[in-house]
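One structure is given here, and the rest of the page talks about it.
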Amino acid sequence: METLKEGFFKYQAQTTNFASGFEVDYAKGSYIYGKDGRAYLDFVAGVSVNTLGHSHPRINQAIIDQVNKYMHVAVYGEYAQEKPVELCKKLVDLTPEGLDQVYLVNSGTEAIEASLKLAKRYTGRRQLISFRNAYHGNTHGSLSVSGDERKKAAFRPLLPEVYFIDFNNEEDLQKITKETAGVIVESIRGASGFRLPENDFFIKLKKRCEEVGALLIMDEIQPGFGRTGKLFGFEHFGVVPDIVAMGKGMASGLPVGAFMTSNKIMTSLKQNPQLGHITTFGGNPVIAAAALELLNVLDDEKLMEDIDRKEQLFRENLNHSKVKKIHGKGLMLAPELSSPEYTLRVQQECMNRGLILFFLMYSIENLRITPPINISDEDIIKGCNILKSVLDDLD
């Protein structure tokens, strides 16, 4: 009889030659429990997806309650359903003026695709500008505005009229012109190492967009939903984007995405052509119920208020001679090690010792630390001690 791992490799398509095939039994809180009977402390949270950890009782109950009422009843935008409407209203209430409407979709990459379309449709322009080493997803449009040619070359031709500038380079802002429909940027850089804007770069970027009539699209797919101590990362940097794309941790484990903008901009999807964006399962009421309950838990338990303290606890407990620097903000942290090869060895040995860590896609010399934001102090210290013990033991 085949083992679960054997079936995984035989029947489920793989996109690398090095998937671990770790056999999952169940998950709860900040731990994933393997078929081997061991508990693994999760410092990755499904790549920033499990905002409240695994099997959070309030999220689970919200899902069950909605399943017992109804699941899918219509394609997006046809029927008024309680949980999707409540979710959109709450997001509008929690974000700055000018972000008036929410379009619910299935994933972060779909949110990016729709945001790019919206910028083109609203401005009547075709040019898009992104940043080198950016990551925005893997569908064709999202891949087109991602900035690593190694990931793109095999799939060309991609979208035309996409141009790249350097992050934190103020001189490059002059390349944004009246031909530009939209500029897309991550509020905190993900795959390229959890890097932050410097010297009010986002304020200067927004000013340049306003000067030429381009829309600023902020990719909040990874930083969003409390991970940095604010609901969205852009709130740290003194700007309000024209369009916000979100996903990943929005429903604490279920597949979801959304984009927000003003009524005026969003209305352009209704005409010339009608149905400017279409999604069958976007706004699914079960997923909306989970996302709404996530926002309620963030508020009720004041979780975002504790993120800065937890960040400092990580930084204090990861003080080690082999950690060059810790990039990032909040609970989106990237300890930089000596080389990609060493980082991969460290990650594997941490797994052997019961700690789940990943590396970052474009900058493999960095470890990914994106735990559930409700992780306990005890588990933070425990995981940091495991990592430091591995660094002590591996040359």
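Considered as a group, the residues in the stretch 312-341 that are part of a helix (DSSP H, G or I) and under 21 Å from R189 (Cβ atoms) include one that is most open to solvent (accessible area, probe 1.4 Å), and that residue is R315. Among the residues making up the stretch 235-264, none is among the small types (G, A, S), touching a Phe, Trp or Tyr at 6+ places or on another chain (Cβ under 6 Å) and open to solvent by 10 Å² or more (accessible area, probe 1.4 Å). Taken over the stretch 365-393, the criterion of being out of contact with any helix residue (DSSP H, G or I) (no Cβ under 7 Å at 6 or more places or on another chain) and open to solvent by 10 Å² or more (accessible area, probe 1.4 Å) is satisfied by R368, S376, E378, D379, K382, N385, K388, S389, D392, D393. Within the stretch 61-80, the residues that satisfy the criterion of being surrounded by 15 or more Cβ atoms within 10 Å (Cβ to Cβ) and out of contact with any Phe, Trp or Tyr (no Cβ under 8 Å at 6 or more places or on another chain) are A62, I63, Q66, G77.
When the stretch 28-44 is filtered for residues that are over 21 Å from the mean Cα position of the chain (by Cα) and open to solvent by less than 40 Å² (accessible area, probe 1.4 Å), the ones remaining, listed by number, are G34, Y40.
Does E161 satisfy being more than 15 Å from the chain's Cα centre (by Cα) and at positive phi? When the stated conditions are applied, E161 passes them.
Contact annotation: residue pairs with Cβ atoms under 8 Å, 6 or more positions apart or on different chains, pairing a residue in the stretch 316-331 that is at pLDDT 95 or above with a partner that is small (G, A, S) and assigned to a strand (DSSP E or B), are I326/A334; H327/A334; G328/A334. Every listed requirement among (1) out of contact with any Lys or Arg (no Cβ under 9 Å at 6 or more places or on another chain); (2) farther than 28 Å from E301 by Cα; (3) acidic (D, E) is met by D379 save one, (2). Counting only helices (runs of 4 or more DSSP H) that sit wholly inside the stretch 41-153, those with at least 3 residues that are at pLDDT 95 or above and of a type in the set (A, V, I, L, M, F, W, C) are 57-69, 82-94, 108-123. Of the residues making up the stretch 347-357, those that are more than 22 Å from H56 (Cβ to Cβ), surrounded by fewer than 19 Cβ atoms within 10 Å (Cβ to Cβ) and in contact with a helix residue (DSSP H, G or I) (Cβ under 7 Å, 6 or more places away or on another chain) are E349, R353. Here S107 does not qualify as open to solvent by less than 30 Å² (accessible area, probe 1.4 Å) and among the small types (G, A, S). Name the one entry in L360, L295, L344 that is open to solvent by less than 10 Å² (accessible area, probe 1.4 Å) and either closer than 30 Å to Q61 by Cα or without any contact (Cβ under 8 Å) to a residue 40 or more places away in the chain (or both). Criteria check complete, one pass: L295. Taking the listed residues E186, E210, E220, the one that is open to solvent by 40 Å² or more (accessible area, probe 1.4 Å) and acidic (D, E) is E210, with no other qualifying. Scanning the stretch 240-273 for residues that are closer than 16 Å to A119 by Cα, assigned to a loop (DSSP other than H, G, I, E, B) and out of contact with any Ser or Thr (no Cβ under 8 Å at 6 or more places or on another chain) turns up V240, P241, S262, Q271, N272, P273. Residue count for the stretch 219-239 satisfying the condition of being assigned to a loop (DSSP other than H, G, I, E, B) and of a type in the set (D, E, K, R): 3.
Suppose the filter is outside the structural domain of Y362 (by the TED database) and either out of contact with any Asp or Glu (no Cβ under 6 Å at 6 or more places or on another chain) or among the charged types (D, E, K, R) (or both); does K264 pass it? Criteria met by K264.
Checking each residue in the stretch 70-100 for being free of Cβ contacts under 8 Å to residues at least 60 places away in the same chain, among the charged types (D, E, K, R) and closer than 20 Å to N296 by Cα picks out K89, D93. Among the conditions (1) open to solvent by 10 Å² or more (accessible area, probe 1.4 Å); (2) at pLDDT 95 or above; (3) not charged (D, E, K, R), the only one that F232 does not satisfy is (1). Which residues, taken from the stretch 157-207, are assigned to a helix (DSSP H, G or I) and without any contact (Cβ under 8 Å) to a residue 12 or more places away in the chain? Within the stretch 157-207, E171, D172, K207 meet the criteria. In the stretch 1-29, the residues that are assigned by the TED database to the domain that holds C350 form Cβ pairs under 7 Å with partners that are hydroxyl-bearing (S, T, Y), at six or more places apart or across chains, as follows: D25/Y33; Y26/Y33; A27/Y33; A27/S55; K28/S55. Scanning the stretch 118-147 for residues that are open to solvent by 60 Å² or more (accessible area, probe 1.4 Å), among the hydroxyl-bearing types (S, T, Y) and over 17 Å from the mean Cα position of the chain (by Cα) returns a single hit, Y122.
The values are calculated or read from the model by the stated rules, or taken from the named source; none is laboratory data. Just so you know, these numbers come straight off a predicted model, no measurement behind them. FYI the Cβ positions are ideal-geometry reconstructions off the backbone, even for glycines, and counts take in every protein chain you see. Protein only, heavy atoms only, side chains kept; ligands, DNA and RNA dropped before computing areas. Shrake-Rupley method; radii C 1.70, N 1.55, O 1.52, S 1.80 Å.
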